[in-house]
């Protein structure tokens with residue numbers, strides 16, 4: 001009996017993963033605008049990273065039908081805009097969200113700081129994120145998700161990508177290519193995990209999306225941005241919840257590899273936030 005109890009959670013995880021295999025969806029049929037000639041350049045992947053991304057895409061991890069509640073999240077992994085931490089800050093997060101009934105999409109965005117990159121840090125990652133959000137909302141009926149409960153989650157540099165979209169006042173799309181570009185690209189809520197400083201405005205717009213933030217206080221890179229966002233939200237009376245842990249440094253991911261109990265359980269605080277804000281109610 002004890003052996004069965006130990007095996008059951010493992011089998012349940014396998015069942016969730018097997019029910020809906022991940023699906024890779026290109027953001028543009030013919031490649032990214034202005035860089036169509038790079039569409040077929042192969043990605044590079046090893047151990048924890050993926051790079052050489054020239055054909056931006058989303059990988060959909062659909063919530064199992066028995067749990068699905070209509071909420072969805074676009075995940076932007078970190079990696080300093082030099083690579084993407086796809087497994088620890090993409091796939092792991094997606095599978096956790098699936099257990100909450102949330103359909104997740106992991107974004108592979110173009111990397112402006114990779115050696116020899118032709119991309120602009122202020123332009124192309126934001127363009128990819130906007131396109132991904134618009135594509136998700138455009139296909140919300142087909143994918144059985146609520147078009148009014150689509151959020152963004154960003155780790156580190158991925159948090160910067162989220163900020164570029166969430167606080168952008170221009171809703172930039174560099175010109176419409178098709179009807180997807182006519183769809184609203186703004187997130188209904190955002191989750192920032194040790195986000196970098198880029199994309200955070202000096203003055204916040206009044207219509208900021210509800211936010212959940214988490215960081216370690218001894219993170220020299222990213223504790224400051226979290227405090228800045230918190231203060232900015234207070235000035236505009238934005239809905240925000242922030243968890244600042246005493247220690248843990250940078251890149252604790254989903255807390256699976258830390259020895260600190262506080263950081264190991266931070267995703268549970270996110271689940272509580274989802275519940276308290278009604279994002280786990282079935283539509």
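Values quoted throughout were computed directly from the atomic coordinates according to the rules given, and no laboratory measurement underlies them. From a predicted model like this one, the values you see are computed outputs, not experimental measurements. Glycine also receives a Cβ, built like all others from the backbone with ideal geometry; neighbour counts cover every protein chain displayed.
Shape analysis of region 87-244 places it in the rounded category; the axes a ≥ b ≥ c from the Cα gyration tensor give an a/c below 1.5.
Summarising the label geometry, the points placed 7 Å from Cα in the beta-carbon direction at residue 218 and residue 206 lie 4.3 nm from one another.
For the chain, modelled as a GNM whose springs connect Cα atoms under 10 angstrom apart, the maximal fluctuation among 247, 91, 142 occurs at 142.
Classify region 111-198 as rounded, prolate or oblate from the Cα gyration tensor: take a ≥ b ≥ c as the square roots of its eigenvalues, call it rounded if a/c is under 1.5, otherwise prolate when a/b beats b/c and oblate if not. Note, shape of region 111-198 comes out oblate. Using the Cβ-Cβ distance between residue 260 and residue 148 with R0 set to 35 Å, the FRET efficiency works out to roughly 0.45. Applying 1/(1 + (r/R0)^6) with R0 = 35 Å to the Cβ-Cβ distance of residue 37 and residue 170, what FRET efficiency is obtained, to the nearest 0.05? So, using R0 = 35 Å, E works out to roughly 0.80. Whole Å is fine, so just give me how far the alpha carbon centre of region 207-283 lies from that of region 41-94. Each part's Cα centre sits 20 Å from the other's.
Working value for the chain: equivalent-ellipsoid semi-axes of 26, 23, 20 Å, each the square root of 5 times a Cα gyration tensor eigenvalue, largest first.
Full extension of the chain between residue 179 and residue 246 gives 19.5 nm of extra length, using 0.36 nm per residue less the Cα-Cα distance.
What does the C-alpha gyration tensor say about the overall shape of region 53-179? Classify as rounded when a/c is under 1.5, otherwise prolate if a/b is larger than b/c, or oblate. Oblate, since a/c reaches 1.5 and b/c is not below a/b.
Once you have the Cα-Cα distance between residue 122 and residue 277, take 0.36 nm times their residue separation minus that, and quote the gain in nm to one decimal. That works out to 52.6 nm of additional length.
The DSSP beta bridges internal to the chain are antiparallel in roughly 35% of cases. Dividing the helix sum by the residues of the chain, where each DSSP H run of 4 or more adds -39500 (n - 2.57), gives a mean residue ellipticity at 222 nm of -8500 deg cm²/dmol. The ellipsoid that matches the Cα gyration tensor of region 188-283 has semi-axes, each √(5λ) in whole angstrom, of 22, 19, 9, with the longest given first.
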